[in-house]
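No value in this document is a laboratory result; all are computed from the given coordinates. This is a predicted model, so every value here is computed, not measured. FYI the Cβ positions are ideal-geometry reconstructions off the backbone, even for glycines, and counts take in every protein chain you see.
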């Protein structure tokens, strides 16, 4: 009889993905709009960073339920997307989603369509929505301009949030900034009269540009009497990123502009 012990089997390795195979087959696609639309200068740049196990689990389980690829191939039925007819606010660029989840929890009467291209953040927001029992959050993946232009009906949004967009600080990159007259015209076509566009940035030169183009645009009016920047409203949480900037002496500016009635409509109360 042999007293030798059997050689232990090596631990099983997870099957490797083939080149080009998506990590999350039922999750967000790398470029959902593909080549369907013109190549243009984009205001965002996808960031590559590690997806944690928890984020990956949320993407696999929850993306088919609460996720949306922005492919530009159809006009969304927002009541169908959310399962009710509550007003919808679009948030462009939500980072890791903590502030988005906090605002959605504080205002259950409003649906939030939150759009970003950062996969870890998408997974984190999905996990937060599940943890907090939120039914009023949907997570969009892709280019928000294509979403606004191709997939949303006129007057379908009750608000628009753009918090801390990429400031593109170098002068040659200013054309990449999101808040430009052309973008505001597109956004105005999707916002209902009275809807508020809320921007915030800690890059003062960008804040000044935002204030200039918003003040000049005929579809928007400043909600702050006398014009200028607004104090941070109580409903916008102070994020960890923002707190770190404030500790370093950064100045954060909020801008709240209201969509004015369409020119072919009488003013409210007229």
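Structure summary
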{"item": "Calculated diffusion of the range 61-176, Stokes-Einstein form, Kirkwood radius summed over Cα pairs, 25 °C and 0.890 mPa s, µm²/s", "result": "169"}
{"item": "At R0 = 51 Å, FRET efficiency that the Cβ-Cβ distance of residue 174 and residue 84 yields, to 0.05", "result": "0.80"}
{"item": "The range 53-259: relative contact order as a whole-number percent, Cα under 8 Å and 6+ apart", "result": "21"}
{"item": "From the C-alpha gyration tensor of the range 53-259, square roots of 5λ in Å", "result": "26, 20, 16"}
{"item": "Relative contact order for the range 95-146, counting Cα pairs under 8 Å that sit 6 or more residues apart, in percent", "result": "46"}
